[in-house]
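The values are calculated or read from the model by the stated rules, or taken from the named source; none is laboratory data. Quick caveat, the model's predicted, so the values are computed rather than measured. Heavy atoms of the whole protein, side chains included, go into the accessibility calculation; ligands, DNA and RNA do not. Shrake-Rupley method; radii C 1.70, N 1.55, O 1.52, S 1.80 Å.
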Amino acid sequence: MYAMNTTREVIASLGIAATLVGGVGAAAGAATSTAPPSTAPSTATTSSSSPGGGPDHRGARAAFVCAHRDEIEDLATRRTQLLKDRMALLEQAAAAATEHPVAAKRIGERMTKAGEMQERIATRTDRLRTWIGEHC
């Protein structure tokens with residue numbers, strides 16, 4: 001039960017970090033626009049309560065990510081370790097299920113999903129580290 005709660009907390013934290021990085025990445029792309037200011041279309045709103053953390057919150061997102069980068073990287077490291085542990089357990093289960101083809105197939109599918117998750121987390125973590133290196 002403890003591992004499940006920890007996994008959920010880590011997933012939620014990584015989701016928040018990915019959302020923050022996505023918003024900050026969009027802000028960086030908008031800031032490096034090559035169009036002159038007079039001809040660039042204005043998409044910014046004047047409302048301070050724009051839904052979804054629009055242009056008004058990009059600076060706050062960047063400040064948050066920079067201030068909490070150690071915590072975010074720690075969460076990513078913990079999530080990666082949890083997935084490595086899960087893969088080890090699945091490999092043991094696959095070795096034990098050699099005589100049961102249905103179970104072996106299901107375990108193989110779970111191993112594939114866990115591998116895909118590892119790749120996604122590695123990609124997100126790399127993107128975050130690159131962004132932090134450029135902006136913090």
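Using only the heavy atoms of the protein chains and a 1.4 Å probe, how would H68, H135 rank by accessible area, largest first?
Working: H68 60, H135 85 Å².
Output order, biggest surface exposure first: H135, H68.
On alpha carbon coordinates alone, what is the Rg over Rh value for the stretch 74-136, Rh being the Kirkwood radius? Let's see the in-between values first.
Values: Rg = 15.5 Å, Rh = 13.1 Å.
Radius of gyration over Kirkwood radius for the stretch 74-136 works out to 1.18.
With all protein chains present and a 1.4 Å probe, how do E134, E71 order by accessible area, largest first? Walk me through the intermediate numbers first.
Numbers: E134 130, E71 105 Å².
Highest to lowest solvent-accessible surface, that is E134, E71.
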